[in-house]
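What follows is a single structure, written as structure tokens, with notes after it.
The values are calculated or read from the model by the stated rules, or taken from the named source; none is laboratory data. The model shown is predicted, which means the values in this text are computed figures rather than measured ones. Using ideal geometry, Cβ is built from the backbone for each residue, glycine included, and neighbour counts are taken over all protein chains shown. Note: areas computed on protein heavy atoms with side chains; ligands, DNA, RNA excluded. Shrake-Rupley method; radii C 1.70, N 1.55, O 1.52, S 1.80 Å.
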Amino acid sequence: MPRVKIRELRDDYARFELRDTDASIANALRRVMIAEVPTIAIDLVEIEVNSSVLNDEFIAHRLGLIPLTSDRAMSMRFSRDCDACDGDGQCEFCSVEFHLMAVCRNDETQDVTSSDLISSDHTVVPVDYSESAASIDEFRGGITIVKLRKGQEVKLRAIARKGIGKDHAKWSPAATVTFMYEPEIHINEDLMESLTLEEKKEWVESSPTPVFEIDQVTQQVMVVDAEAYTYDDEVIKKAEAMGKPGLVEINAKQDSFIFTVETTGAIKASQLLLNAIEILKQKLDAVRLSEDTVEADDQFGELGAHMRGG
């Protein structure tokens, strides 16, 4: 069975190991995290007043890309499947309503930001980046939507709905998801001892990343950070150029992967991983059920299809 080990975890960042599986499952998990885990995003905008410099479509597009806290997204209904509003997508089970009213009444430029959006559900609000901001003033007012000059006004109503990144990027909870094969590095100590100290330094410095280091006491070359290796083969080429082929052997473990996940803040990185695993399990169950159905048809022919109503 695949195993997951968390190495580093923050609200918007996770680094973990996935072991005892193959690349197909690793890539499936990556793709599910990017495109299949649902979030909530603004999908319908009704603009009543807009005298700003941006046209209606521009503002609607910017509103859609504002990440919203989506902890309840998994329990919400897709608007197309909601029987409470017959697929209209404007009820409490499948949508959240926002309002925005802003008027500039002085001579200074007024920023209209995501913090000006008023939500009908306190659990679904624009993501607050103030805690992770580089400076105190950064993101204090939220994500800028539009700037107003004196006398300009924006008044609108917006409907946020559940969706997935496969349908539109605004619903993707992941800023980036990457994985790499865990490298396995072995240094040929006999060949390494045949090098001078200067040659060792030259070989270590040929690596673009700090994978190797020379011990100041023993003057031996050590692997200090195997995971920093980027499969660039520079140290292998350097060893061959020095007439020492086989100086180092680097292999990728085919059943061990290191994931790096960064989220938009819509959901926590830990919840993104858990939701992705649950969705992947559902997909595998659907495939298994499909295979069982095909097998039943092979065994019972028309009788199996008739029992399913076919």
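Some notes on this structure:
- Members of the stretch 73-84 that are of a type outside the set (F, W, Y) and touching a strand residue (DSSP E or B) at 6+ places or on another chain (Cβ under 8 Å): A73, M76, R77, S79
- Complete set of residues in the stretch 202-230 that are closer than 13 Å to L247 by Cβ and open to solvent by 70 Å² or more (accessible area, probe 1.4 Å): E202
- Top-ranked residue of the stretch 7-63 - restricted to ones that are under 16 Å from the mean Cα position of the chain (by Cα) and among the basic types (K, R), ranked as surrounded by the fewest Cβ atoms within 10 Å (Cβ to Cβ): R10
- Screening the candidates T264, T209 for the property of being in contact (Cβ under 8 Å) with a residue 24 or more places away in the chain and not assigned by the TED database to the domain that holds G165 yields one hit, T264.
- From the options S79, S51, residue that is under 28 Å from D111 (Cα atoms), of a type in the set (S, T, Y) and in the same structural domain as L156 (by the TED database): S51
- Unique match (being in contact with a helix residue (DSSP H, G or I) (Cβ under 8 Å, 6 or more places away or on another chain) and either farther than 29 Å from H122 by Cα or in a loop (DSSP other than H, G, I, E, B) (or both)) among L18, L9: L18
- Residue list for the stretch 101-132, filter: open to solvent by 80 Å² or more (accessible area, probe 1.4 Å) and part of a strand (DSSP E or B): M101, I118
Table: residues versus (1) under 19 Å from E262 (Cβ atoms); (2) in contact (Cβ under 8 Å) with a residue 60 or more places away in the chain; (3) not acidic (D, E).
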{"site": "P2", "(1), (2), (3)": "no, no, yes"}
{"site": "L9", "(1), (2), (3)": "yes, yes, yes"}
{"site": "R15", "(1), (2), (3)": "yes, yes, yes"}
{"site": "T21", "(1), (2), (3)": "no, yes, yes"}
{"site": "R30", "(1), (2), (3)": "yes, yes, yes"}
{"site": "P38", "(1), (2), (3)": "yes, yes, yes"}
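- Lone unmet requirement of (1) open to solvent by less than 60 Å² (accessible area, probe 1.4 Å); (2) closer than 29 Å to D20 by Cα for Q254: (1)
- Scanning the stretch 85-100 for residues that are open to solvent by 60 Å² or more (accessible area, probe 1.4 Å), in contact with a Lys or Arg (Cβ under 8 Å, 6 or more places away or on another chain) and either in a loop (DSSP other than H, G, I, E, B) or not assigned by the TED database to the domain that holds G165 (or both) yields one hit, F93.
- Condition broken by A241, with the remaining ones in (1) farther than 30 Å from D11 by Cβ; (2) touching an Asp or Glu at 6+ places or on another chain (Cβ under 8 Å); (3) of a type outside the set (V, I, T); (4) modelled with pLDDT of 90 or more satisfied: (2)
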